[in-house]
Amino acid sequence: MEIYLVGGAVRDSLLKLPVEERDWVVIGETNESMIRRGFRPVGKDFPVFLHPDSHEEYALARTERKTAPGYRGFAVNAAPDVTLEQDLLRRDLTINAMAMTADGRLVDPYGGRADLEKRILRHVSPAFAEDPVRILRIARFAARYQRLGFTVAPETLALMRRMVAAGEADFLVPERVWAELAKALKEPGPAAFFRTLRDCGALAAVFPEIDRLFGVPQPEKHHPEIDTGVHTLMCLEQAARLSDKPVVRFAALTHDLGKGVTPKNNWPHHYGHEQLGLGVLETMCARLRVPNAFKTLALQVAKFHTHCHKAFELRPGTLTDTLATLGAFKPRHSLDDFLAACEADARGRKGFEGRPYPQAEFMRGAARAGAEADTASILNGGLKGPEIGEAVRLARIAVIGDFTRQHLVGREIKEKP
């Protein structure tokens, strides 16, 4: 059986990066011959099989022909006479269109190795334009390899712009958009995903809520970068430094969506943008079918990030109610994720990237104090219904008030010359 290692495994091995999974292409075989060899068919749209022992994926070499708009309109030919070069030709990027034999010989008909060395993301053929998902994939590869110096080839960027102008991005279905975004949020440089989409004009079609932020000014005193879109991507960069959790990065990305819909006559100020952003965020999450865990944290950060920044100024009652809404008094909570996203917002400003964020530890301390408030005596004290909840709230306000006073006194002592 003629088999070749293909795709990401070849690319990453040449980059001397860890190879997470291996995919193989098979030449000269059929569905029937693969099954006779013990392979298990798993492909829905094209012939893919699992190896009987390693369970790695083996796909029959194939060609694809565009039959309709969008990314599903393809006719697949996986006949035994399809060559390795024909199979590699249908792939998106030259760096993904290489193969390797079992003895390590590289098959590189389209210059993938040279583009790896030049750090270029370049499409293999004009057939790239037949699949709009490739716009998202290019952006995701930019997010993955930006740290290595990779850039999109000018001719590839021009092709992507023509695809967007032709309306191809409008055929991207929400599930696929979210799938690519979720992957991009895991990459080392997720902000590059959005910069690439903006460079080719796809951001407005795919993520209009994010695109709308560019060109919206903020007060220079607090935001030397001024542009809200620039600030948003700076926040995402900081979130990627602070946390490897995609849920935190998504919350940082979407925390300021309200600034895109505030009245222009109030610019550069954005009064009430926190509340205004909630509806925009809800709409975005519904359209993309964002998982509940991502949506919940994003809504919390959008609504309360200003509270967090002003934590030292909050009254004990406001601080207690905020922490309660965040679920911070429960045994299992996501306060650390909330604080990481808020810190990313504070640092996502020109000149503020390395500033400390003492509000995070203050909020954690207040949450611990509130959780340790004596609620047992209240629960056993004969109160009923809403009276119990209010008594617990007041008990937490009292201990958080004590904590706040002690903390602020300690800060004043430390800050004295």
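Read-outs: derived from the displayed coordinates by stated rules, not from any lab. Since the structure is predicted, the reported quantities are computational estimates derived from the model, not experimental observations. In this analysis, Cβ positions are derived from the backbone assuming ideal geometry, glycine residues included, and neighbour counts consider all displayed protein chains.
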Determine the shape class of the stretch 1-111: with a ≥ b ≥ c the square roots of the Cα gyration tensor eigenvalues, call it rounded for a/c under 1.5, and otherwise prolate if a/b is greater than b/c, oblate otherwise.
oblate
Placing unit charges on C-beta atoms (Lys and Arg positive, Asp and Glu negative, everything else neutral), compute the dipole magnitude of the stretch 233-377 about its Cα centre in debye, rounded to 20.
380
Okay, helix-only estimate at 222 nm for the chain: each DSSP H run of n ≥ 4 adds -39500 (n - 2.57), divide by all residues, round to 500 deg cm²/dmol; what do you get?
-15000 deg cm²/dmol
Quick calc, the chain, dipole around Cα centre from Cβ unit charges on Lys, Arg (+) and Asp, Glu (-), nearest 20 debye, gives 760
Are there cysteines in the chain with no other Cys C-beta under 4.7 Å, and if so, which?
Cys200, Cys235, Cys285
Suppose R0 equals 41 Å. What FRET efficiency, 1/(1 + (r/R0)^6) with r the Cβ-Cβ distance, do Ala398 and His55 give to the nearest 0.05?
0.10
For the stretch 1-111, size of Cβ-based charge dipole, Lys and Arg +1, Asp and Glu -1, in debye
320
Can you pick out the pairs among Lys186/Lys330; Lys245/Lys310; Lys186/Lys264 whose Cα atoms lie more than 31 Å from each other?
Lys186/Lys264
With P(r) over Cα pairs in 20 Å bins from 0, in percent in mind, check [x] 22, 38, 30, 9, 0; [y] 22, 49, 24, 4, 0; [z] 23, 45, 25, 8, 0 and report the label derived from this structure.
[z]
From the Cα gyration tensor of the stretch 288-407, with a ≥ b ≥ c the square roots of its eigenvalues, which class applies: rounded if a/c is under 1.5, or else prolate if a/b is larger than b/c, or else oblate?
oblate
For Lys16, which aspartates and glutamates qualify as cross-link partners when the Cα separation must be under 19 Å and same-chain residues fewer than eight apart are set aside?
Asp103, Asp108, Asp115, Glu117, Glu187
Protection-proxy order for peptides 370-381, 51-62, each taking the mean of Cβ atoms within 10 Å per residue, highest first:
51-62, 370-381
Per-residue ³J(HN,Hα) for the stretch 309-320, Karplus 6.51 cos²θ - 1.76 cosθ + 1.60, θ = phi - 60°, Hz, x for Gly and Pro
4, 9, 3, 5, 9, 6, 5, x, x, 5, 4, 4
Could you line up Asp92, Asp45 from fewest to most neighbouring Cβ atoms inside 10 Å?
Asp45, Asp92
Spelling out what I want: for every residue of the stretch 286-295, take phi, set θ = phi - 60°, compute 6.51 cos²θ - 1.76 cosθ + 1.60 (Karplus), and round to whole Hz; glycine and proline get x.
5, 5, 8, 6, 5, x, 4, 4, 5, 4
Mean-position separation - Cα centroids, the stretch 357-417 and the stretch 272-309, in angstrom
26
Pairs from Lys118/Lys350; Lys221/Lys303; Lys66/Lys118; Lys44/Lys295 whose Cα-Cα separation, in the structure shown, is over 26 Å:
Lys118/Lys350; Lys66/Lys118; Lys44/Lys295
Shape call for the stretch 132-201 from the C-alpha gyration tensor, a ≥ b ≥ c root eigenvalues: rounded (a/c under 1.5), prolate (a/b greater than b/c) or oblate?
oblate
